[in-house]
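Below you'll find the structure, written out as structure tokens, and then a few comments.
The values are calculated or read from the model by the stated rules, or taken from the named source; none is laboratory data. Given the structure is predicted, the values throughout are model-derived calculations rather than measurements. No Cβ is skipped: glycine too gets one built from the backbone with ideal geometry, and neighbour counts run over all protein chains shown.
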Amino acid sequence: MPEGPSLRKFQLLTSPFVGQVVVKVGGSTRKISVNDLNALRLQDSQVSCTKDGLTGPQEV
């Protein structure tokens, strides 16, 4: 797993919410519609690294 201050902060912020259902979404992204995240359950809070860079939270 990649390391660094921003990734450790992401892990600390998201880990208390693992297992909970998303009820409110904020922000924006070009890759997915943020509204598609509503009613999903957060299963994990890992960040994976590829040769292209960080890919974001991964579902297992």
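Only one of the numbered conditions (1) of a type in the set (G, A, S); (2) exposed (fewer than 10 other Cβ atoms within 10 Å of the Cβ); (3) modelled with pLDDT of 85 or more is violated by S15, and that is (2). Taking the stretch 30-42 as the range and being without any contact (Cβ under 8 Å) to a residue 24 or more places away in the chain and either hydrophobic (A, V, I, L, M, F, W, C) or touching a Leu at 6+ places or on another chain (Cβ under 6 Å) (or both) as the test, the residues that pass are I32, V34, L37, A39, L40. When K9 is tested against (1) on the phi < 0 side of the Ramachandran plot; (2) loosely packed, with under 11 Cβ neighbours inside 10 Å; (3) modelled with pLDDT under 80, exactly one condition is not met: (3). Among residues of the stretch 1-29 that are within 9 Å of S45 (Cβ to Cβ), those with a Cβ under 8 angstrom from a residue that is modelled with pLDDT of 80 or more and outside any helix (DSSP H, G or I), sequence gap 6+ or separate chain, pair up as T14/L42; F17/L42; V18/L42; V18/Q43; V18/D44.
Considering each residue of the stretch 35-44 in turn, none proves to be modelled with pLDDT under 80 and at positive phi.
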